[in-house]
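Have a look at the structure below, then the notes.
The values are calculated or read from the model by the stated rules, or taken from the named source; none is laboratory data. Keep in mind that what you see is a predicted model, and the values were worked out from it rather than measured. Note: ideal-geometry Cβ built from the backbone for every residue, glycine included; neighbour counts use all protein chains shown.
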Amino acid sequence: LQRYARKTVLVFGAGSDGEGWSNGKAAAVQYAREGAKVLAVDLRDDAATETQEIIRSEGFEATSFAANAADNASVQEAVAACLDTYGAIDVLHNNVGIGEMGGPVETTLESWKRVLDVNMKSVFLTTKHVLPIMEAKRAGAIVNISSIAGIRWSGVSYVGYYASKAGVNQMTRVIAGQYARHGIRCNAIMPGLIDTPQTYKHLAKHYGDGDFERMREARRQQIPMKILGSAWDIAKTAAFLNSDEAKYITGEVVTVDGGMSCS
Ligand code: NAD
């Protein structure tokens, strides 16, 4: 598929927090494989560079950029870098997200602020600075990576994370509603339990390293399909939603969870 030929995609959170395929890294690679020029942005320069190198090693086009998606000036720099490098921003992919465990009693105010700042402010700031560029072209597509935590209780408390992802879902609908008449679409994806380095870190934190494999198996059994999702399931859903094949889909929050939400 070459759905992204002549398109530029700006990916925030394009690196990986550990070995293996994360949602953001896979998405950046997927867009590039489909013909896009990709600006791979991550807080960590080394993570962004790794994604750039993977894409270039496959013979596709990417440039890395280090920026903090939760900081106004930093987001402006990334947007300017994309315009300087590729002259356009056709697609925005917001993958940035962090989770910190605890209910309202255990969670510190600092943790609450940090999680909401990163997960919600990143979507606010990136769309704030990219929407005017898309509006001028009367075209654009945005995908925000949310979580099924935004709509359902999954057995472990992450109060700030759950609240932030519900916020991402609603920001998605607001942007979609306001910008539909400008030719801009905005959708979100709610991954379930995905086999990424981040998931391993969280499972290990909750259940202790010794029991990690057992708990991973227990979580797997909670998924009707009995398999964890892969970062490519998320990447390919995003590549569909942001492509012209999905030109009549906007304001949609798509669940990709192997049936977890059915149970
Ligand atoms: P990840 O942590 O491996 O990747 C996220 C990347 O974002 C990292 O490279 C990190 O350095 C970067 N990042 C963090 N804060 C940043 C900031 N302020 N500015 C710029 N970059 C920043 O995680 P992932 O597995 O790719 O998951 C990413 C998204 O998917 C998150 O939004 C997460 O909430 C969501 N999600 C993941 C799962 C799962 O099972 N892995 C499930 C549901 C939702």
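Here are some notes:
- Residue within the stretch 192-210 that is more than 30 Å from E106 (Cβ to Cβ) and either modelled with pLDDT of 95 or more or outside any loop (DSSP other than H, G, I, E, B) (or both) present: no
- The residue that is farthest from the ligand (Cβ to nearest atom), among those in the stretch 75-133 that are under 24 Å from A180 (Cα atoms) and among the hydroxyl-bearing types (S, T, Y), is T127.
- Residue, farthest from I145 (Cα to Cα), within the stretch 26-44, restricted to residues that are surrounded by fewer than 23 Cβ atoms within 10 Å (Cβ to Cβ) and either within 10 Å of the ligand (Cβ to nearest atom) or under 15 Å from the mean Cα position of the chain (by Cα) (or both): R44
- Residues of the stretch 57-74 that are within 13 Å of the ligand (Cβ to nearest atom), part of a loop (DSSP other than H, G, I, E, B) and either free of Cβ contacts under 8 Å to residues at least 24 places away in the same chain or surrounded by 18 or more Cβ atoms within 10 Å (Cβ to Cβ) (or both): A67, N68, A69, A70.
- Within the stretch 149-162, one or more residues are in contact with a Gly (Cβ under 6 Å, 6 or more places away or on another chain) and away from the ligand (no atom under 12 Å from the Cβ).
- Selection status of N169, under 14 Å from the mean Cα position of the chain (by Cα) and away from the ligand (no atom under 14 Å from the Cβ): no
- Filtered residues of the stretch 128-154 (kept if of a type in the set (S, T, N, Q) and touching a helix residue (DSSP H, G or I) at 6+ places or on another chain (Cβ under 6 Å)): N144, S146, S147
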